[in-house]
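Asks: Take a look at this one; I'll ask things after.
The values are calculated or read from the model by the stated rules, or taken from the named source; none is laboratory data. Note that the coordinates shown come from a computational prediction; the quantities given were computed from them, not determined experimentally. Neighbour counts are summed over all protein chains in view; Cβ atoms, including those assigned to glycine, are modelled from backbone coordinates with ideal geometry. Ligands, DNA and RNA are excluded from the accessible area calculation, which covers all protein heavy atoms including side chains. Shrake-Rupley method; radii C 1.70, N 1.55, O 1.52, S 1.80 Å.
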Protein chains: 2
Amino acid sequence: MNRETSALSEGYPFLPLSRNGLVDRVAHSLVSAILSGAIRPGERLAESHIARQMDLSRAPVREALRLLESSGLVEYRTNRGFFVRVNSARSIGDLYELRIVIETAAVRALTLTNPDALPGLRAKVDELYQLAEAGADMMSHVSVDMQFHRLICEGSGNQRFLQVFDQIANETKLGLLVIGRLYDDPHRMAETHEPIVDAIAAGDADAAAAAIAYHIGVAKDLVTEHIGKQQEAGET
Amino acid sequence: MNRETSALSEGYPFLPLSRNGLVDRVAHSLVSAILSGAIRPGERLAESHIARQMDLSRAPVREALRLLESSGLVEYRTNRGFFVRVNSARSIGDLYELRIVIETAAVRALTLTNPDALPGLRAKVDELYQLAEAGADMMSHVSVDMQFHRLICEGSGNQRFLQVFDQIANETKLGLLVIGRLYDDPHRMAETHEPIVDAIAAGDADAAAAAIAYHIGVAKDLVTEHIGKQQEAGET
DNA sequence: GTCAAGAAGATTGTCGACAGACGACAAAAC
DNA sequence: GTTTTGTCGTCTGTCGACAATCTTCTTGAC
């Protein structure tokens with residue numbers, strides 16, 4: 001604390017300089033590979049291969065994988081290694097119901113105690129419209145959508161809500177990206193967020209809760225339906 | 001964890017056995033030490049010391065600690081190591097609100113779709129009465145109480161609810177045990193579970209949800225109040 | 001042709017070692 | 001006396017090696 005304040009008061013122009021280590025970088029790299037589809041669900045993640053490819057030892061790779069495991073992207077089997085988790089339609093359905101439960105409570109708290117969060121939410125919806133206008137890819141849409149929902153959890157004032165959201169965020173993204181396309185008209189994705197923002201703006205917590213529950217419920221149906229079809233079809 | 005439950009549901013009389021061994025055993029051992037108070041919040045957990053004491057290398061210890069980190073018992077700081085997490089009253093309050101949200105949804109689902117779970121819940125309440133009768137210690141009470149709540153999440157049919165519950169279970173226990181004593185009369189702990197079970201038995205989901213929300217809410221107030229006092233007093 | 005047993009290869013589990021980072025304390029400068 | 005600088009011990013970050021374990025392929029019997 002002393003160091004910080006003195007540095008600030010003396011006005012040094014230095015940034016904290018990210019001291020995040022190797023493990024974080026490896027983890028991030030793996031997440032990108034999985035979410036981009038370069039590594040597909042069910043595929044094995046051999047520590048040695050990854051280590052060799054990244055030109056480092058197995059230890060940091062192993063730790064990064066353990067990190068991904070706790071965020072649900074990857075599954076670990078004793079003496080067999082790590083695998084990209086493959087989710088059933090049921091499991092994804094459960095995931096969305098968890099999101100409904102969490103985000104309903106979050107939006108309620110936000111509406112009642114933190115109206116200042118509204119501009120940030122509005123900005124995200126605008127961003128979604130712009131992406132639709134520009135014909136952006138699915139990845140970008142999903143990313144901004146998740147940012148919107150994260151802002152809701154963050155604005156609830158309950159750190160635990162945010163913690164749970166972050167823990168399932170990557171898994172949700174993976175579920176979405178496997179599908180390839182969610183709405184036929186990309187504008188719909190932006191539009192479906194309007195009722196939530198309107199209810200918050202009106203200060204109506206019940207309406208906001210109902211709106212977000214409906215919003216996530218619709219997404220749930222779309223996603224589980226798609227995945228159900230995929231699993232019927234693509235059994236190799 | 002999954003292994004344990006599946007073994008239990010299949011009714012094998014075997015203990016988990018050291019199938020995965022080391023890492024799990026180390027993790028379990030550390031959890032016990034923390035929950036028993038042998039290692040106190042804020043204390044540093046030096047890998048080398050633990051490894052030497054358990055007569056093994058640092059690698060499995062490190063992995064076990066990372067495991068505990070994802071369950072919130074332990075906190076990691078880059079280049080500084082692991083510390084037992086010390087929770088503010090606020091943080092514990094948030095934790096209980098998360099529990100209200102999750103378990104309310106869980107008990108609702110359970111009441112509507114899975115009445116077969118009732119006998120198991122009744123048995124846990126009986127167990128609580130027996131513990132009170134026998135004058136058992138706080139640890140035993142807390143343990144059975146948590147088993148009751150876990151059964152509710154399990155009975156909801158939504159694996160994600162159970163997953164979140166398991167993730168915060170140890171932290172909840174720690175919060176409780178730090179206090180030392182929750183209810184003056186140990187019978188009260190058993191009694192406060194009755195309305196929940198009754199509502200489930202009546203098939204009234206709304207009543208069950210209200211009952212469990214009230215039940216956890218009371219516990220929340222007790223715990224946060226205790227912790228608030230402790231933090232005022234015990235600033236060394 | 002099918003199945004089982006065993007050998008060979010590959011991958012994980014654990015270890016000990018060394019380099020780098022951090023905190024504490026001592027020494028020096030003002 | 002206070003602040004800065006230098007030094008030291010301890011702990012983490014990463015590595016390469018070896019043992020234990022799983023998977024695959026081969027071999028042989030029926």
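Asks: With everything on Cα atoms, drop me the angle between helix B:138-155 and the longest principal axis of chain B, reported from 0 to 90° to the nearest 10.
Replies: 60
Asks: Also: Ordering A:D198, A:D94 from largest to smallest accessible area (1.4 angstrom probe), what's the sequence?
Replies: Numbers: A:D198 75, A:D94 15 Å².
My answer, sorted largest first, is A:D198, A:D94.
Asks: Okay, moving on. Does anyone have the angle between helix B:89-113 and the longest principal axis of chain B? Alpha-carbon axes, 0 to 90°, nearest 10?
Replies: It works out to around 40 degrees.
Asks: Can you compute 3J(HN,Hα) from phi for each residue in the range A:191-200, using the Karplus curve 6.51 cos²θ - 1.76 cosθ + 1.60 with θ = phi - 60°, rounded to whole Hz and x for Gly and Pro?
Replies: 4, 5, 8, 4, x, 5, 4, 4, 5, 4
Asks: Also: Expressed as a rounded percentage, what relative contact order does chain B have, with Cα pairs under 8 Å and six or more residues apart?
Replies: Values: 251 pairs, mean separation 54.2, N = 236.
This gives 23 percent for chain B.
Asks: Please compute, for the alpha-carbon atoms of the protein assembly as shown, the extent along each of the three principal axes and give them in descending order in Å.
Replies: Answer, in whole Å and largest first: 70, 62, 56 Å.
Asks: Tilt of helix B:118-134 relative to the longest C-alpha principal axis of chain B, in degrees (0 to 90, nearest 10)?
Replies: Helix B:118-134 sits roughly 70 degrees off the main axis of chain B.
Asks: Once you sort the root eigenvalues of the Cα gyration tensor of chain A as a ≥ b ≥ c, which label holds: rounded (a/c under 1.5), prolate (a/b larger than b/c) or oblate (the other case)? The partial results should precede the final answer.
Replies: Values: a/c = 1.90, a/b = 1.10, b/c = 1.73.
Since a/c reaches 1.5 but b/c is at least a/b, the shape of chain A is classed as oblate.
Asks: Once the whole set of protein chains is in place, how much accessible area is left on B:Y76, using a 1.4 Å probe, in Å² to the nearest 10?
Replies: For B:Y76, solvent-accessible area is about 60 Å².
Asks: Just counting partner chain Cβ atoms within 10 Å, what average do the residues of peptide B:142-149 show around their Cβ?
Replies: Working: counts 0, 0, 0, 0, 0, 0, 0, 0.
Average per residue, whole number: 0.
Asks: Further question: Which sequence of A:E133, A:E171, B:E69 reflects their accessible areas, 1.4 Å probe, from the largest down?
Replies: Correct descending sequence by accessible area is A:E133, B:E69, A:E171.
Asks: Compute the distance in nm between two label points, each set 7 Å from the Cα along the Cα-to-Cβ direction, one at A:R188 and one at B:L56.
Replies: Output for this residue pair reads 5.2 nm.
Asks: Step through the residues of the range B:56-73 one at a time and calculate ³J(HN,Hα) from phi using the Karplus curve (6.51 cos²θ - 1.76 cosθ + 1.60, θ = phi - 60°), rounding each to whole Hz and writing x for Gly and Pro.
Replies: Per residue, the Karplus-derived 3J(HN,Hα) values read 8, 7, 6, 3, x, 4, 4, 5, 4, 5, 4, 5, 5, 4, 6, 9, x, 6 Hz.
Asks: Continuing with this model, one more query. How do A:R66, A:R40 stack up against each other in accessible area, from largest to smallest, with a 1.4 angstrom probe? Write down the numbers at each step before the final one.
Replies: Numbers: A:R66 30, A:R40 160 Å².
Result, largest first: A:R40, A:R66.
Asks: Per 0.36 nm of contour for each residue apart, how much would the distance between A:H49 and A:D126 grow if the chain were fully extended, relative to their Cα-Cα spacing? The partial results should precede the final answer.
Replies: Working: separation 77, 0.36 × 77 = 27.72 nm, distance 4.26 nm.
Difference between extended and current length: 23.5 nm.
Asks: Further, regarding this structure: Starting from the amide H of B:L45, placed 1.01 Å from N in the peptide plane, find each other amide H under 5 Å away whose residue is 5 or more places distant or on another chain.
Replies: B:F82, B:F83, B:V84
Asks: What is the spin-label model distance, in nm, from B:V86 to B:A134 if the labels are put 7 Å beyond Cα along the C-beta direction?
Replies: According to this spin-label approximation, the distance is 3.6 nm.
Asks: The range B:109-127 to the range A:147-174: how many Å between their Cα centroids?
Replies: 31
Asks: At a Förster radius of 25 Å, what calculated FRET efficiency corresponds to the Cβ-Cβ distance of A:L177 and B:R77, to the nearest 0.05?
Replies: On the way: r = 33 Å, r/R0 = 1.32.
The value I calculate is 0.15.
Asks: Run the simple label-point estimate for A:D198 and A:R40 please: 7 Å along Cα→C-beta, distance reported in nm.
Replies: 4.2
Asks: Hey, another quick one. How much mean residue ellipticity at 222 nm does chain A get from its helices, if each DSSP H run of length 4 or more adds -39500 (n - 2.57) and you divide by all residues, to the nearest 500 deg cm²/dmol?
Replies: That calculation yields -23500 deg cm²/dmol at 222 nm.
Asks: What quantity of accessible surface, computed with a 1.4 Å probe and excluding non-protein components, is buried in total between chains A and B, in Å² to the nearest 100? Walk me through the numbers before you get to the answer.
Replies: Numbers: alone 13630 and 13190 Å², together 24480 Å².
The summed interface area works out to 2300 Å².
Asks: Compare the Cα positions of B:V223, B:S71, A:G203 along the charge dipole of the protein assembly as shown (+1 at Cβ of Lys, Arg; -1 at Cβ of Asp, Glu; about the Cα centre) and return the one farthest towards the positive end.
Replies: Value: B:S71.
Asks: Also: Once phi is turned into ³J(HN,Hα) by the Karplus curve 6.51 cos²θ - 1.76 cosθ + 1.60 with θ = phi - 60°, what whole-Hz value does each residue of the range A:216-226 show in order, with x for glycine and proline?
Replies: Once rounded to whole Hz, the list reads 6, x, 4, 4, 4, 4, 4, 5, 5, 5, 4.
Asks: Nearest 0.05, what FRET efficiency do A:Q231 and B:T113 give at R0 = 22 Å with Cβ-Cβ as r?
Replies: On the way: r = 23 Å, r/R0 = 1.05.
It comes out at approximately 0.40.
Asks: Quick query: amide H of B:I39 versus all other amide H atoms, modeled in the peptide plane; which residues come in under 5 Å with a sequence gap of 5 or more or a different chain?
Replies: B:I34
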